[in-house]
Structures are given as C-alpha cells and as structure tokens.
Amino acid sequence: MQYLKQLFTIWKQYIVTSLVRSMEFRFNFIAEMSVWLVWFGTTFLIANIFFLHTNVIAGWEKNDIYILISTATLIIQLFESLFFEGIHQLTFFVTEGKMDIVFTKPIHPIFQLLFSRFEVVPFIQLFFSLILLVLFLVRSENTIHPISVILYVFLCLLAIIIQIGIYLALQSLAFWFTRIENIRYLFYSMQEFNRTPTAVFHRFEILLFTIVPAAYIGNVQTLVLFGKGTMQHIMGAIIVAIVALICGISLFTIGARRYTSASS
Amino acid sequence: MHESMKESLAGILIRTGIQYDFIYPFRSLIWTLNSVVYIVVFPFIWLTVYNDQEVLFGYSREGIITYFVLLLMVEYLVMSFIDEEMNYDIREGKISNILLKPVNITQWYFYDQFGFRIMRIVLFALLYIVLTTFFHLPFFVPTHWYTIPFVLVSIIFGNLLAFQYKMILGCISFWIEEAYAIRLIVTMFTTILTGFIAPLVFLPLMVQHISVFLPFQYMLYFPLAIYLETLSIPTIIGGLSIACIWLILLWYIRSLVLQKSIRHYNAIGG
C-alpha cells in the first residue's frame, strides 16, 4: 500500500512537470489544437463522402458511424494524453543509448515510461470528442441502456490497456532494430481501422479481432452501447487486453537485456 | 580528376538515399507498411458502398481495387516530403550547410528524394506480389496502345507539379519557426483534392468542377484515371494542358518565393 502511495505521488509530480512544460510552449498548444480540429473535421467529411452514395455501410447508418468515430477518437485521446508520449520515449532512449536514465532510477522502468509524460492537448481534445459523442447519441435512434453505458466505460478502459500493450511491444522493437522512431506513424495509420466498421472487411474481419485487434478500440464499444454487443465481444476484449499487455511487458523485458548504454 | 568527383549531383544524392535505406531497412519497411495500412481501408469501404452495383461512376469493382493499388505506386513516383525535410533542415540549421555548397538548392532537394522513391517502390512491389499470391487481388490492364505513354507523361507532370507545390510549402519554414501546423492543415485539404480518398468523380459535383482548375488532381488522380481508361483523349489532352499551365505558374512562384525566403534567412541568420 505504501509503495502504491509512493507511485501515486511520483505520478502527480510527473503531471505537474508536464503541465509546466506545456505552458512554456503556448504556440504549440494553439497549433496542435488547430491541426487536430481540422483533422477531426476532415474525418467526418470523409465519412460524409461515402454516405453521398449510400444510406448504410455494412449495417451502420451515418449517425452510427459518427458515434463510432467519436468513440474511437475518445479512446485514442485518452491513451495519447496519459501514456503515448511516455512510451514513445523508448525508441529515442534506446537509439541514443540513454536508457540508463530509466534503468538507474529506483522505480520500475515500465512505470516510468508509462506515466512520465502527461499531454495536455489530447486531454482537452478528449472533451471535444465526448461532447460530440453525447450530441450524436442524443440524435441516435438506438435506445441506450444504463448497463450498456457501464459496459462501454469498462470496454474503453480495456481498449486503453490494449493500446498500452501494443505500443509498448512496437516500441520495444527498438532494442533489436535501430532508428525506428517512425513506428509512431504506423500506429497512427492503424487507427484508421478503429474508425471503420469491421464488417466492411468481410472475410478479413477476423484479423481485426485477433492479429490487429482494432475492433476492440471503437467498434465493440459502440456495438455494446447500441445493445448489439455479445458476450463473445466482452470476453474477447478481456483476453486481447491480457495478451497485449503480456506481449508488451515480455518484449520490453527481453529487449532490455540486449540494451547497451552510450557510455559503456 | 578523382572518379567520385566526376559523378553528378543527381547520382550522388540518389545513391546516398538508397544507401540510407539499406542501413535502416526496418525503418523503410515501416514507412512502406504505413502507407499500405493507411490506404487499405478505403477500397474495402468503397466495395461495401458498391453493394450490388457492378459499376459506379465508370469504375468497376476491379477498377476501384486497381485504383488504390496503383495510387500507392503513383504516390511514390510523384509525391515528396520536401516540405518536411526543408522544415527540419531550417529548424536544425542544416540549411546553411546546403546553401554553402556549390550546388543549386532546388536541384539538391529534387534529387534528394529519388533514392527513397526507388526503395519504397521495390518494397511495395514485393509486398504486392505477396498479397496477390495469397488474396488473388483483381487488377485492371489497359486495352488501348496510347494509355501507357499518356500515363507516363502525366506522372512526369505530376512529379514536377508536386515538387513545386511542396517546395513552396517548405519555404514557409523560412518565415515561421513552427510551420508544421500550416503545412498539415493545407495538406489535409489537398489530400482529398488529389484523389487520395476516392476517384474525384465520387466527390460532390461542385468539388469536381473546382478541382479541374486546381493543380492537385494532376498529381495523383489524373494519371490513375488515364490508366483506368475512364477519360477520353480530348479530356486527357485538355488536362495535360491545364497541368502544363499550372507547372509554369508554380515554377515561377516557387523561384520567387525561394529567392525571397533565402534572402530573408540570410538577413536573420547573418
């Protein structure tokens, strides 16, 4: 209990430091917000282009797709504000031989990577997504049950764990391959799957529930909210979250043994 | 004269680009996968939109799959990331190093991108062969003799247009330190107009009419539409003429902007 309390205090300090750093670069804040708002708008614009030619895409109506986009964005922003930048430091630390800073501290290296960077901009963006989600839900013809909302929140938390596991595993590849900081862009591109109904992929749909588990970052949550989720979806999300986390931690642990410092 | 001194600037830059990709092969593979993953969603959605229809706006199911497969190939041949590279070089002060060299800065950035283009095309071709073997992707083959020559000419035009446009965007970094926001916002809008999301005939009529008179569709959509034989010969010739006018215009704007930007940089940087 004492140890957990200590970790919480450290995390609070990390947040304060991150906030101070963000305030120093106010222009960055405006720039990042503007880019994100345009990007978010473009996402809906693209969805609209598809709906110029049809009323339903794989059983999803326009408003359903908007809810899917908002849900996926909400989950991504939550992950990006709390964990993304912290984990992303791994490739830089490994490439530049600076992991010593992490290994020599008396806190678990994964804890440091996960919690050391809190990003303000995605945290604010998260509220934009939330407001839009509520607006689209009000317009929706689907009845939302309170149990569905609880399950929705639970599945969103599982989606965060899935993303932590996957991104930690991807970043840990830096222990084997040099100069792979561009892996963040691959992670961004993969998010296209999160915002797309998995049913459009027909026979390849199964891949999104297994190898590239994008279905659990948007699709499953939205289906559960509409009361269309199954026990298989929930169990699947739990299993994938556990597997992703194990993969991430294992790859990091094995990779860390290969690490050589710049000063050695 | 030493053998290496005889090699042209183009040769040196292309060779260096290829060597860089060989040193970090996993990095190159990630870039290739990144493009494929980003684009793979669109043909699947469009095929769902087709539903029972065989043809939509002149594009068969086979045609739309070919469109997105070739889109990546044409993108590698045409588009470049000079704006990002210039932004990095200016921010890190590396641009001074280039400006001090006895070479033309435009030529430097033009040839600098060829190495990565070659490597990406090779990697993508390998990836495509693997995917076709496993998933039997249909592929449209043109039937008219004039299609391929027109495609090649339009790709050359597209490449030169994209280069001028990206270099103008890159010049913003000479004036504003953090120009990435402006560049990204402009790129997001132009992405739709180049035909990246869908063939332009799928977009609202108003967008189609406007885009005819803008340079963006001649970078990606136009070569692909020619390949898929959805355009008549007069339309192709008309399109190439507009692209030619845009090329002259952008060439002139780029020279002017670059000249003023370098002068501004010298004044600030000393």
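The values are calculated or read from the model by the stated rules, or taken from the named source; none is laboratory data. What you see is a predicted model, and the numbers here were worked out from it, not measured in a lab. Reconstructed Cβ throughout: ideal geometry from the backbone, glycine too, with neighbour counts over all protein chains shown.
Could you tell me whether residue B:157 is aromatic (Phe, Trp, Tyr), outside any helix (DSSP H, G or I), touching a residue at least 40 places away in the same chain (Cβ under 8 Å) and surrounded by 17 or more Cβ atoms within 10 Å (Cβ to Cβ)?
no
Please go through (1) farther than 18 Å from residue B:220 by Cβ; (2) aromatic (Phe, Trp, Tyr); (3) in contact with a strand residue (DSSP E or B) (Cβ under 9 Å, 6 or more places away or on another chain) for residue B:110 and return the number of the only condition it doesn't satisfy.
With (1) farther than 18 Å from residue B:220 by Cβ; (2) aromatic (Phe, Trp, Tyr); (3) in contact with a strand residue (DSSP E or B) (Cβ under 9 Å, 6 or more places away or on another chain) applied to residue B:110, the lone miss is (3).
Can you pull out every residue in the stretch A:90-132 that is charged (D, E, K, R) and closer than 23 Å to residue A:181 by Cα?
Passing the criteria: A:96, A:98, A:100, A:117, A:119.
Of all the helices (runs of 4 or more DSSP H) wholly in the stretch A:1-116, which have at least 2 residues that are within 24 Å of residue B:48 (Cα to Cα)?
A:26-50, A:62-79
Kindly evaluate residue B:250 against the criterion of being in contact with an Asp or Glu (Cβ under 9 Å, 6 or more places away or on another chain), of a type in the set (A, V, I, L, M, F, W, C) and surrounded by 13 or more Cβ atoms within 10 Å (Cβ to Cβ).
no
Mind listing just one residue for me: the one in the stretch B:209-231 that is farther than 22 Å from residue B:65 by Cβ and assigned to a helix (DSSP H, G or I) and, of those, modelled with the lowest pLDDT?
B:212
What number of residues in the stretch A:22-49 are loosely packed, with under 14 Cβ neighbours inside 10 Å and farther than 30 Å from residue B:193 by Cα?
Of the residues in the stretch A:22-49, 4 are loosely packed, with under 14 Cβ neighbours inside 10 Å and farther than 30 Å from residue B:193 by Cα.
Name, by its number, the condition in (1) in contact (Cβ under 8 Å) with a residue 40 or more places away in the chain; (2) buried (at least 22 other Cβ atoms within 10 Å of the Cβ); (3) under 14 Å from the mean Cα position of the chain (by Cα) that does not hold for residue A:123.
(2)
Checking residue A:12 against (1) charged (D, E, K, R); (2) surrounded by fewer than 20 Cβ atoms within 10 Å (Cβ to Cβ); (3) within 14 Å of chain B (Cβ to nearest Cβ), only one condition comes out false. Which one?
The failed condition is (3).
State all residues of the stretch B:173-186 that are in a helix (DSSP H, G or I) and either at the interface with chain A (Cβ under 8 Å from one of its Cβ atoms) or without any contact (Cβ under 8 Å) to a residue 24 or more places away in the chain (or both); if no residue qualifies, say none.
B:180, B:181, B:182, B:184, B:185, B:186
Would you mind stating whether residue A:107 is in contact with a helix residue (DSSP H, G or I) (Cβ under 8 Å, 6 or more places away or on another chain) and over 19 Å from residue A:64 (Cβ atoms)?
yes
Looking only at the stretch B:212-236, filter to residues that are aliphatic (A, V, I, L, M) and touching a residue at least 60 places away in the same chain (Cβ under 8 Å); which one of those is surrounded by the most Cβ atoms within 10 Å (Cβ to Cβ)?
Among those that are aliphatic (A, V, I, L, M) and touching a residue at least 60 places away in the same chain (Cβ under 8 Å), it is B:219.
Identify the residue in the stretch B:19-38 that is under 19 Å from residue B:80 (Cα atoms) and at pLDDT below 80 and, among all such residues, is surrounded by the fewest Cβ atoms within 10 Å (Cβ to Cβ).
B:20
Here's the yes/no breakdown for (1) touching a Phe, Trp or Tyr at 6+ places or on another chain (Cβ under 7 Å); (2) assigned to a loop (DSSP other than H, G, I, E, B); (3) more than 9 Å from chain A (Cβ to nearest Cβ):
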site: B:12; (1), (2), (3): no, no, yes
site: B:15; (1), (2), (3): no, no, yes
site: B:21; (1), (2), (3): yes, no, yes
site: B:27; (1), (2), (3): no, no, no
site: B:30; (1), (2), (3): no, no, no
site: B:42; (1), (2), (3): yes, no, no
site: B:62; (1), (2), (3): yes, no, yes
site: B:84; (1), (2), (3): no, no, yes
site: B:87; (1), (2), (3): yes, no, yes
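Take the stretch A:230-251 and flag every residue that is touching a Leu at 6+ places or on another chain (Cβ under 6 Å) and over 16 Å from residue A:194 (Cβ atoms).
Within the stretch A:230-251, just A:248 meets the criteria.
Can you go through B:132, B:143 and tell me which one is among the β-branched types (Val, Ile, Thr) and either buried (at least 16 other Cβ atoms within 10 Å of the Cβ) or not in a loop (DSSP other than H, G, I, E, B) (or both)?
When all the criteria are applied, what remains is B:132.
Looking only at helices (runs of 4 or more DSSP H) that lie completely in the stretch A:117-216, which have at least 3 residues being in contact with a helix residue (DSSP H, G or I) (Cβ under 8 Å, 6 or more places away or on another chain) and more than 13 Å from chain B (Cβ to nearest Cβ)?
In the stretch A:117-216, A:120-139, A:146-172 are the helices (runs of 4 or more DSSP H) which contain 3 or more residues that are in contact with a helix residue (DSSP H, G or I) (Cβ under 8 Å, 6 or more places away or on another chain) and more than 13 Å from chain B (Cβ to nearest Cβ).
How do the pairs read when you match residues in the stretch B:88-115 that are under 20 Å from residue B:8 (Cβ atoms) with residues anywhere that are small (Gly, Ala, Ser) and assigned to a helix (DSSP H, G or I), using Cβ under 6 Å and keeping only pairs 6 or more apart or on different chains?
B:111/B:10; B:115/B:17
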